[in-house]
Amino acid sequence: MAIALRYAARSDVGLVRSTNQDSGYAGPHLLVVADGMGGHAGGDVASSLAVGELASLDGESHGSDDAAEHLHHALEAANEQLRRRVADEPELSGMGTTVTAVLRAGSRLVLAHIGDSRGYLLRDGRLTQLTRDHSYVQSLIDEGRISAEEAERHPQRSVIMRVLTGRDEDTADVSVREARPGDRYLLCSDGLSGVVSAETLEQTLAAGEAPDATCERLVELALRGGGPDNVSCVVADVVEIGGGPPPSTTPQVVGAAAFHRPRRSSASGTPAARAAALRAADDDDQEDDDPGAGAHVDEARRRRVRRRWIAGPLLLVVLLAAGAWGGWRWSQQQYFVGVDGSRVAVFQGLTQDIGPVSTSHVLERTDVAVDDLPRTYAALVTGRISASGLDDARETVENLQEIAADCRAAAQEPTASPTAGPTSTTTPTTTTAAALAAATSAPGAPTTTGTPGATPTGEAPAEDCGGVG
């Protein structure tokens with residue numbers, strides 16, 4: 001029985017981060033999710049290097065006996081690439097990346113894992129986590145010191161014990177498993193697994209939608225949960241060949257890896273370089289084929305020099321004008337959600353102004369008052385929430401409208417009668433309190449992932465609904 005993978009990959013910057021440091025890859029033989037870390041020290045570079053090194057494994061079918069060895073060597077090569085890059089660019093010191101990868105070898109799948117990105121298997125409607133987080137809180141769970149529920153709220157839940165950083169001790173766990181038609185695999189960064197519950201992941205994966213629609217739905221769930229981190233996922237179904245049209249074999253690259261490309265030491269083999277060499281040779285041939293042209297060679301060369309002196313500045317002006325126009329056009333394709341006066345609005349342009357020059361303008365005003373939002377969300381809006389497009393910005397506004405409505409409902413709950421005592425107040429109704437809690441207690445929503453600090457949990461008191469004041 002021959003099998004294949006039907007796959008899809010998606011990545012989103014989230015609602016808090018300004019850059020995407022995740023990278024993802026999905027191909028006929030290889031699936032990868034890498035979550036870079038290091039902030040400005042190069043988390044996006046680290047995840048891109050890892051995916052770029054592993055992607056070479058997708059070009060051929062591997063035997064089940066040597067697939068694990070190939071994957072292990074590819075991870076070692078990725079680690080060496082990180083070491084060399086830091087040596088060449090010391091400012092990248094401190095960068096690293098998680099890696100969760102699956103390499104198909106016939107009817108077997110080899111799983112490699114390092115860090116806290118995760119791999120899941122949905123088989124017969126039941127979701128199983130295949131990887132173990134290399135994190136501090138996981139070690140506490142293994143020792144029996146805290147429960148899994150307590151780990152979700154632990155202030156050091158973002159501390160990772162093992163990732164690829166270029167050190168020799170950065171080794172991954174590697175295992176082999178049998179693939180069955182009907183199996184569905186999920187690889188994801190903690191921007192998804194840290195926000196969306198395992199029960200919801202199971203329900204979404206078991207809903208029967210195609211891998212691309214399932215990926216879209218998973219990213220949407222993470223964003224609705226607050227989107228505190230980059231969100232990346234790969235969904236792959238194991239299918240039997242011959243039961244229908246063959247699945248696509250076109251790889252999908254998402255996140256930082258879609259923008260970073262390996263640096264080349266030489267461009268001598270490129271078409272542009274060959275064309276330049278031919279032009280130079282042609283110029284030489286034209287001079288050599290005319291024996292009587294000697295008297296005119298110097299004058300011809302002088303004319304070429306004069307043309308270059310004239311053309312150079314003109315070309316520079318044209319390039320600068322084209323660059324300015326292109327930069328302006330690009331800025332007008334950017335959107336974010338911010339504050340206009342006292343209300344939430346959708347802006348077109350860049351989130352950052354250039355000195356006194358504003359680089360954005362209000363595109364759509366809303367009736368959502370900042371004072372109606374919980375303080376944490378009001379602070380996010382005041383700091384400007386980046387969007388991947390206009391539709392994404394509008395969806396963020398819709399979520400904020402729901403949150404504001406819950407806050408207003410909570411604020412309107414009647415207080416207890418004075419006879420109940422000077423400090424007694426009634427508890428908001430279950431429906432309102434639950435809705436408000438869902439809006440404000442999504443894991444990591446009020447804080448930036450990676451920064452130690454407790455996340456608000458439980459029911460949100462009505463006094464949280466007071467804007468940024």
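If each of Ala405 and Ala198 carries a label point 7 Å out from its Cα toward its Cβ, how far apart are those two points in nm?
3.4
Quote the FRET efficiency, to the nearest 0.05, computed for His72 versus Tyr136 with a Förster distance R0 of 30 Å and r equal to the Cβ-Cβ distance.
0.75
With the crude spin-label approximation of a point 7 Å out along Cα→Cβ, what separation in nm comes out for Ser358 versus Arg83?
Using points 7 Å along Cα→Cβ, the separation is 5.3 nm.
Roughly what percent of Cα-Cα pairs across region 44-95 reach past 18 Å?
The answer is 37 percent, as a whole percent.
At each listed q (0.19, 0.32 Å⁻¹), what is the log10 of I(q)/I(0) that the Debye formula gives for region 376-416 modelled as equal alpha-carbon point scatterers?
-0.64, -1.09
Can you figure out the FRET efficiency of Asp124 with Ser342, using R₀ = 51 Å and their beta-carbon distance, to the nearest 0.05?
FRET efficiency, Asp124 to Ser342: 0.45.
When you count, for each residue, the other Cβ atoms within 10 Å and take the mean per peptide, how do 96-102, 183-189, 4-10 rank with the highest first?
Result, highest mean Cβ count within 10 Å first: 96-102, 183-189, 4-10.
Let me know the whole percent of all Cα-Cα pairs from region 172-220 that are separated by more than 12 Å.
Summing the P(r) of region 172-220 above 12 Å gives 69 percent of all pairs.
Answer rounded, prolate or oblate for region 153-258, using the Cα gyration tensor with square roots of eigenvalues a ≥ b ≥ c: rounded when a/c is under 1.5, else prolate when a/b is larger than b/c, else oblate.
Cα axes put region 153-258 in the oblate bin.
By its C-alpha gyration tensor, with a ≥ b ≥ c as the square roots of the eigenvalues, how is region 1-61 shaped: rounded for a/c under 1.5, else prolate for a/b larger than b/c, else oblate?
oblate
Let's test the formula: R0 of 56 Å, r as the Cβ-Cβ distance of Ala148 and Gln332. What FRET efficiency results, to the nearest 0.05?
With R0 = 56 Å, the Cβ-Cβ based efficiency is 0.75.
Taking only the alpha-carbon positions of region 100-157 and ignoring solvent, what does the Debye formula give for the base-10 log of I(q)/I(0) at q = 0.18, 0.19, 0.24, 0.25 Å⁻¹?
Reported log10 I(q)/I(0), two decimals: -0.74, -0.79, -1.01, -1.04.
What shape does region 1-112 take by its C-alpha gyration tensor, where a ≥ b ≥ c are the square roots of the eigenvalues and a/c under 1.5 counts as rounded, a/b above b/c as prolate, and the rest as oblate?
Oblate, since a/c reaches 1.5 and b/c is not below a/b.
What is the spread of the Cα atoms of region 334-390 along each of their three principal axes, largest first, in whole Å?
Taking max minus min along each principal axis of the Cα atoms, region 334-390 gives 29, 22, 20 Å.
Each value in this text was obtained by applying a stated rule to the coordinates, not by laboratory testing. Note that this is a predicted model, so its numbers are computed, not measured. So basically every Cβ, Gly included, is an ideal-geometry build from the backbone, and we count neighbours across all protein chains shown.
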